[in-house]
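Chemist: My structure is below; once you've seen it, I'll send some questions.
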Amino acid sequence: MRHRVLQHGRLLPAVESRLAAQYDLHPLWQEADPQAFLKAHGGEFVGLATTARFGADAALIAAMPSLKIISSFGVGLDAIDLNAARERGIAVGYTPDVLNDCVADTAFALVLDVARRISASDRFVRRGDWLKGQFPLATRVSGKRLGILGMGRIGRVIARRASGFDMEVRYHNRRPLADVDHGYASTLEELAAWCDFLVIASAGGAETRGLVSREILDALGPEGFLVNISRGTVVDETALVEALQNHRIAGAGLDVFENEPQVPEALMALDNVVLLPHLASNTHETRAAMGQRVEDNLAAFFAGRPLLSPAL
């Protein structure tokens, strides 16, 4: 008898097909009334395949009394109620490491874009403004100071990318890391005041909500740039809009927003911000590897082996 697994949110078609071949898979997103379905059938499922966007809140976990394993597509865990899973002894797998390179690449693409104004200059050409005069000067990236909020797996790869641009790197975590040679800033405000580019690579969730505040943006200053490839909730978005509008910071490169996919009209009206639709890990290679990790975590659990990448 095949293990019954609930699918919460869409996955890559190839991943969905392989999961359906391996398990008794049911897509919750096809149900017109998910709550009614869970009330009637939630106890039948021992596995949950989900994504960082949809996660598994306490209500969903409670509606699945036989649940033993959650396998999530993504590295964000803020949408999964880890406490509820921990209390029930539910294993939780996710997909770190396999997306580090592509997310770091996107972070650096945003650094280059917002500083050298690549997207803005593209719009300049398309509008025909080049016929009227030269595009304004931009900001050099090489040799500048890069601050990283969150020197985890992705932060470390971003720091390696920076070495190719002869940048000095410092970071801020809750505590300094013994295996990191870069300078440590004891506060985020200290880091923001020091750097030319502040890249956010921290986790999301309640602990980091609004961490990049009006005060941090003011410390970054009118020649500093903000790049966020983490979670939109880490930044006070209202304060960021005001800082960009009033040129209290030089610019921002954003892959994430507070209420995705809703992006404030005020941000879209500005020319000193680059806006991406949360695509940092969105390459064929990385998404295939993430999907494989979702499958591998499930397979390992049902075979009685440790998960390849456990969150719990």
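The values are calculated or read from the model by the stated rules, or taken from the named source; none is laboratory data. Treat the numbers as computed from the prediction; the structure is a model and nothing was measured. With ideal geometry, Cβ positions are generated from the backbone for all residues, glycine too; neighbour counts draw on all protein chains shown.
Chemist: Could you check region 102-134 and list, in sequence order, the residues that are aliphatic (A, V, I, L, M) and touching a helix residue (DSSP H, G or I) at 6+ places or on another chain (Cβ under 8 Å)?
Modeler: Filtering region 102-134 down to residues aliphatic (A, V, I, L, M) leaves 103-104, 107, 109-112, 114-115, 118, 120, 125, 131.
Within region 102-134, V103, A104, A107, L112, I118 meet the criteria.
Chemist: I need the full set of residues from region 224-255 which are touching a Ser or Thr at 6+ places or on another chain (Cβ under 8 Å), closer than 16 Å to V274 by Cα and among the acidic types (D, E), in order please.
Modeler: Here is the first cut: in region 224-255, the ones touching a Ser or Thr at 6+ places or on another chain (Cβ under 8 Å) are 225, 229-231, 233-234, 236, 239, 250, 255.
Adding the requirement that they be closer than 16 Å to V274 by Cα leaves 225, 229-231, 250, 255.
Result: D255, single match.
Chemist: From the set of residues in region 68-107 that are assigned by TED's automatic domain parsing to the domain that holds I229 and among the small types (G, A, S), which is farthest from E44 (Cα to Cα)?
Modeler: For region 68-107, the residue satisfying everything is A107.
Chemist: Out of (1) assigned to a helix (DSSP H, G or I); (2) farther than 30 Å from T187 by Cα; (3) not polar (S, T, N, Q), what's the single condition that is false for R156?
Modeler: Checking R156 against (1) assigned to a helix (DSSP H, G or I); (2) farther than 30 Å from T187 by Cα; (3) not polar (S, T, N, Q), the one that fails is (2).
Chemist: Somewhere in region 175-187, is a residue at pLDDT below 95 and under 23 Å from the mean Cα position of the chain (by Cα)?
Modeler: Yes, the conditions are met somewhere in region 175-187.
Chemist: Another one. Kindly evaluate L254 against the criterion of being buried (at least 21 other Cβ atoms within 10 Å of the Cβ) and under 19 Å from the mean Cα position of the chain (by Cα).
Modeler: Working: buried (at least 21 other Cβ atoms within 10 Å of the Cβ): yes; under 19 Å from the mean Cα position of the chain (by Cα): yes.
Taking the combined requirement at face value, the residue satisfies it.
Chemist: Pairs needed: first member in region 84-109, at positive phi and of a type in the set (D, E); second member anywhere, in a helix (DSSP H, G or I) and surrounded by fewer than 22 Cβ atoms within 10 Å (Cβ to Cβ); C-beta distance under 8 Å; at least 6 residues apart or different chains.
Modeler: D97/R153
Chemist: On to the next question. Touching a Ser or Thr at 6+ places or on another chain (Cβ under 8 Å) and over 19 Å from T283 (Cα atoms): which single residue out of A49, A84 fits that description?
Modeler: Values: A84 fails: touching a Ser or Thr at 6+ places or on another chain (Cβ under 8 Å).
On inspection, the qualifying residue turns out to be A49.
Chemist: Could you give every pair whose Cβ atoms fall below 6 Å, whose first residue belongs to region 219-232 and is at negative phi, and whose second residue is surrounded by fewer than 20 Cβ atoms within 10 Å (Cβ to Cβ) and aliphatic (A, V, I, L, M), counting only separations of at least 6 or pairs across chains?
Modeler: Between residues of region 219-232 that are at negative phi and residues that are surrounded by fewer than 20 Cβ atoms within 10 Å (Cβ to Cβ) and aliphatic (A, V, I, L, M), the close pairs are A219/A193.
Chemist: Tally up the residues in region 162-210 that are more than 22 Å from L110 (Cα to Cα), of a type in the set (V, I, T) and surrounded by 17 or more Cβ atoms within 10 Å (Cβ to Cβ), please.
Modeler: So the count comes out to 0.
Chemist: For region 59-67, does any single residue satisfy the condition of being in contact (Cβ under 8 Å) with a residue 60 or more places away in the chain, part of a loop (DSSP other than H, G, I, E, B) and not assigned by TED's automatic domain parsing to the domain that holds G232? Steps first, answer last, please.
Modeler: Within region 59-67, the first condition is being in contact (Cβ under 8 Å) with a residue 60 or more places away in the chain, and the residues that meet it are none.
No: zero hits.
Chemist: Name the residues in region 3-27 that are surrounded by fewer than 20 Cβ atoms within 10 Å (Cβ to Cβ), closer than 16 Å to I69 by Cβ and not acidic (D, E), would you? If you could, list the steps in order and put the result at the bottom.
Modeler: Residues of region 3-27 surrounded by fewer than 20 Cβ atoms within 10 Å (Cβ to Cβ): 3-4, 9-10, 12-14, 16-18, 20-22, 24, 26-27.
Filter once more, keeping what is closer than 16 Å to I69 by Cβ: 3-4, 22, 24, 26.
Residues satisfying the conditions are H3, R4, Q22, H26.
Chemist: Moving on. Could you check region 1-34 and list, in sequence order, the residues that are over 14 Å from L60 (Cβ atoms), over 27 Å from the mean Cα position of the chain (by Cα) and of a type in the set (D, E)?
Modeler: D24, D33
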